[in-house]
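K.L.:
Let me give you the structure first, and then I'll get to my questions.
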Amino acid sequence: MPTFIWKGRTASGATASGELAAGSQTDVVAALRQKKIIPTSIKVKEEKKGLTLFGSRVSRHALSVFTRQFSTMLNAGLPLLSCLEILGKQTESAGLRRVLAEVRGDVEGGLSLADALRRQPKVFDNLYVNMVESGETGGALDVILLRLATYLEKMEVLMRKIKGAMIYPVIITIVAIGAISVMLLFVIPIFAQMFEGVGAELPAMTRLVMGMSALLQVWAIPGLIIIIALFTVLRRWHKTESGARAMDPLLLKMPVFGDLMKKQSIARFSRTLSTLLSSGVPIIDALEITARSSGNWVVEDAILKARTSIKGGENIADPLSKTTVFPPMVTQMIAIGEASGGLDEMLSKVADFYDAEVDQAVENLTSALEPLIMVVLGGIVGFLVISMYLPIFQLAGTVME
């Protein structure tokens, strides 16, 4: 049963406040009126979650499996509370099990499913909650959940492909940096001690590498701390509005990666908007939800500007075509979808096309990065080896003369 925080005035005009466990806000009002208190504000109390180090995170895969099973069980005629109880018991995700128990308790207390899910923002985002709310209103919750499950599964596949393609280059890069660091920190100093007693002047390459080794021995740990701190600060700043405004345009202009990010954002925009429109969410609300879940401020800003123009009477395609984010092919297909009355289907086709584009871009990027990293790694290691052995060759030549 949810707990409500209330504020009100007594018969004498004095302010009063408190907490009350009740089935719904109506019950709270009735209880307060019996105490001759006129309520001025009633809100559901947000329960503070305890610190959970393990099993608190809900993966995208666990959420998509839950959504599809939820849809199937509702379609089979099972009561809502029974579905939540069964799914909570059988899920392997400890975090999702805890969340579903809380959602079930809120629904038993009188909240709608959408309102109960809204109290779990770390698991159920605005897109999920609004689609569920639309399904509850229209009496087609099982159908909406099925569409939502399909959307989550396709987004999961897209993200898995991108992450999977990046694993090998990242591992090679980490190994390369580690190998070079080991050589500079432990191998080069041994050669430097050997060359201390040599009276001849060392080659420029050798002096450069020895200087880099000495510098790294002093700044290795402080430099690593600075890099980690800088990365953490930039990542947190990027989550703020000012940081997103500053960094997202630069990210989209990056060579190779920028084009990949833009294609991914367009695929997400098309898939999200198509899913919301086919689920009966109004176009204005759907555009706002899509903008907030776009993942890039440039795309978000373009969608919100289009939303403002639509509220003023324009169509969707024209304001989107004025931006540099959406290619002509996308805006033309949106215009055709608007004219034919099948905008959701057209957006789904756009999403499928850009999903394929992202797959191809990731494959090309992986194919190009692997040999590039190997060449760079071989060149650096070769440079270090030659710079250390060059004085030995020079000394050997001097002795032979």
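The values are calculated or read from the model by the stated rules, or taken from the named source; none is laboratory data. Remember, predicted model here, so these are calculated numbers, not experimental data. Every residue, glycine as well, gets a Cβ built from its backbone with ideal geometry; the counts of neighbours run over all protein chains shown.
K.L.:
Kindly evaluate Met329 against the criterion of being more than 24 Å from Tyr128 (Cβ to Cβ), of a type outside the set (Ser, Thr, Tyr) and within 24 Å of the chain's Cα centre (by Cα).
P.N.:
Details: more than 24 Å from Tyr128 (Cβ to Cβ): yes; of a type outside the set (Ser, Thr, Tyr): yes; within 24 Å of the chain's Cα centre (by Cα): no.
Spelling it out, it is not the case that Met329 is more than 24 Å from Tyr128 (Cβ to Cβ), of a type outside the set (Ser, Thr, Tyr) and within 24 Å of the chain's Cα centre (by Cα).
K.L.:
Next question. Do the conditions hold for Leu287, that is, is it in contact with a helix residue (DSSP H, G or I) (Cβ under 7 Å, 6 or more places away or on another chain) and either surrounded by fewer than 21 Cβ atoms within 10 Å (Cβ to Cβ) or at positive phi (or both)? Spell out the reasoning first.
P.N.:
Numbers: in contact with a helix residue (DSSP H, G or I) (Cβ under 7 Å, 6 or more places away or on another chain): yes; either surrounded by fewer than 21 Cβ atoms within 10 Å (Cβ to Cβ) or at positive phi (or both): no.
In short, no.
K.L.:
Given the structure, is Val107 among the β-branched types (Val, Ile, Thr), farther than 29 Å from Ser294 by Cα and part of a helix (DSSP H, G or I)?
P.N.:
Working: among the β-branched types (Val, Ile, Thr): yes; farther than 29 Å from Ser294 by Cα: yes; part of a helix (DSSP H, G or I): yes.
So Val107 fits the description; yes.
K.L.:
Is it true that Val209 is surrounded by 11 or more Cβ atoms within 10 Å (Cβ to Cβ) and within 30 Å of Thr366 (Cα to Cα)? Before the answer, list the steps.
P.N.:
Values: surrounded by 11 or more Cβ atoms within 10 Å (Cβ to Cβ): yes; within 30 Å of Thr366 (Cα to Cα): no.
So Val209 does not fit the description; no.
K.L.:
Could you please let me know if Ala396 is modelled with pLDDT of 85 or more, part of a helix (DSSP H, G or I) and among the small types (Gly, Ala, Ser)?
P.N.:
On the way: modelled with pLDDT of 85 or more: no; part of a helix (DSSP H, G or I): yes; among the small types (Gly, Ala, Ser): yes.
Judged against the criteria, Ala396 is not a match.
K.L.:
Follow-up question, since we're still on this one. Restricting the search to the stretch 63-79, which residues are out of contact with any Asp or Glu (no Cβ under 7 Å at 6 or more places or on another chain) and of a type in the set (A, V, I, L, M, F, W, C)? Break it down stepwise before answering.
P.N.:
Initially, the stretch 63-79 is screened for residues out of contact with any Asp or Glu (no Cβ under 7 Å at 6 or more places or on another chain), giving 63, 65-70, 72-73, 76-79.
Of everything in the stretch 63-79, those that are out of contact with any Asp or Glu (no Cβ under 7 Å at 6 or more places or on another chain) and of a type in the set (A, V, I, L, M, F, W, C) turn out to be Leu63, Val65, Phe66, Phe70, Met73, Ala76, Leu78.
K.L.:
Scan the stretch 282-333 residue by residue and report those that are of a type in the set (A, V, I, L, M) and part of a loop (DSSP other than H, G, I, E, B). Break it down into steps so the answer makes sense when it comes.
P.N.:
Let us first name the residues in the stretch 282-333 that are of a type in the set (A, V, I, L, M), namely 283-284, 286-287, 289, 291, 298-299, 302-304, 306, 310, 316-317, 320, 325, 329-330, 333.
If the condition is that a residue be of a type in the set (A, V, I, L, M) and part of a loop (DSSP other than H, G, I, E, B), then Ile316, Val325 are the ones that fit.
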